[in-house]
1. So M65 fits all but one of (1) touching a Cys at 6+ places or on another chain (Cβ under 6 Å); (2) free of Cβ contacts under 8 Å to residues at least 24 places away in the same chain; what number is the exception?
2. For the range 1-18, name all the residues that are in a loop (DSSP other than H, G, I, E, B), closer than 20 Å to M209 by Cβ and of a type in the set (V, I, T).
3. I'd like to verify a number: residues in the range 51-64 that are surrounded by fewer than 21 Cβ atoms within 10 Å (Cβ to Cβ) and within 14 Å of A24 (Cα to Cα), how many?
4. Would the range 81-100 turn up any residue that is surrounded by 17 or more Cβ atoms within 10 Å (Cβ to Cβ), farther than 19 Å from I232 by Cα and in the same structural domain as G225 (by TED's automatic domain parsing)?
5. Cβ contacts < 7 Å: first residue closer than 19 Å to E229 by Cα, restricted to the range 174-199; second residue among the β-branched types (V, I, T) and surrounded by fewer than 19 Cβ atoms within 10 Å (Cβ to Cβ), any location; separation 6+ or different chain. Result?
6. Within the bounds of the range 111-130, is there any residue that is at pLDDT 95 or above, outside any helix (DSSP H, G or I) and of a type outside the set (F, W, Y)?
7. Within the range 1-18, restricting attention to residues that are of a type in the set (S, T, N, Q) and over 14 Å from P48 (Cα atoms), which residue is modelled with the highest pLDDT?
8. Could you please find all residues in the range 50-94 being out of contact with any Asp or Glu (no Cβ under 9 Å at 6 or more places or on another chain), not in a loop (DSSP other than H, G, I, E, B) and not aromatic (F, W, Y)?
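The values are calculated or read from the model by the stated rules, or taken from the named source; none is laboratory data. Just so it is clear, the model here is predicted, and its values are computed rather than measured. Neighbour counts are summed over all protein chains in view; Cβ atoms, including those assigned to glycine, are modelled from backbone coordinates with ideal geometry.
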Amino acid sequence: MPVYQLDTNDYWFPPVSEALTDPAGLLAIGGDLCVPRLLHAYQQGIFPWFTDQEPILWWAPSPRMVLKPEHIHISKSMRKWMRKTQFSITFDHAFERVVDACAGTVRNGQTQAESWITPAMKQAYTNLFRSGYAHSVEVWRGHELVGGLYGVALGRMFFGESMFSLADNTSKFAFIQLAQQLQAWNFVLIDCQMHTPHLTSLGAAEIEMAEFQAYLEQNLTHGVGSRWELVIE
């Protein structure tokens, strides 16, 4: 099957059913990272993921890792930690700092920081944030940013992009607080994109693309506003 070349003159994407099985989920190449194209992609279950050495690559993997906010799993040890922690949580207070911290994170099994959060990707998601679609969760130790995550919200769907932790449990804490807040706002699903043991431990599970698309079709309206700006002490 071909990999579709996108035109910069329109925002068309091929059907997600055309995604390759090897590499799994690759759907298209090219285009740009402007806000309208990114929104059009997310509305169809497509996201960009590429390194500095690659062209823009667009993905729609199946199965898809997702979490229903009400299914967030908090272990006994994590509950105990949360009761004792002195960390505080904010939403949308330091978006660009969170993206920079995610870009500088070295993941398990890697020897260098995340190469896919390129300068172009940073600018693209900052533009989404300024347009009211991207959001961040920050974990603070006093005035020090020690953990967090960011992603995109459309309607009652949240599309997670990346997280980071500079102290024990802080990315997990950010994700739990996000899930609990999204549940309070009647969000139906957090898109986690691809399977990891860490996400499984938090209650996420895989679903097929057809089911994921059904969620998209039913839940892309009636969101909660463009600026969240919460403080949770």
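1. Of everything listed in (1) touching a Cys at 6+ places or on another chain (Cβ under 6 Å); (2) free of Cβ contacts under 8 Å to residues at least 24 places away in the same chain, M65 misses just condition (2).
2. The one that is in a loop (DSSP other than H, G, I, E, B), closer than 20 Å to M209 by Cβ and of a type in the set (V, I, T): V3.
3. Initial filter on the range 51-64 (surrounded by fewer than 21 Cβ atoms within 10 Å (Cβ to Cβ)): 51-57, 62-63.
With the extra rule that they be within 14 Å of A24 (Cα to Cα), the set shrinks to 57, 62-63.
The qualifying residues number 3.
4. Yes, there is a match, as at least one residue in the range 81-100 is surrounded by 17 or more Cβ atoms within 10 Å (Cβ to Cβ), farther than 19 Å from I232 by Cα and in the same structural domain as G225 (by TED's automatic domain parsing).
5. Cβ pairs passing all conditions: I176/I74; Q177/I232; W185/V224.
6. no
7. S17
8. In the first step, residues of the range 50-94 are kept if they are out of contact with any Asp or Glu (no Cβ under 9 Å at 6 or more places or on another chain); the result is 50-55, 57-59, 61, 68-80, 82-87.
Still in the list and also not in a loop (DSSP other than H, G, I, E, B): 57-59, 69-71, 76-80, 82-84.
Residues satisfying the conditions are L57, P69, E70, H71, K76, S77, M78, R79, K80, M82, R83, K84.
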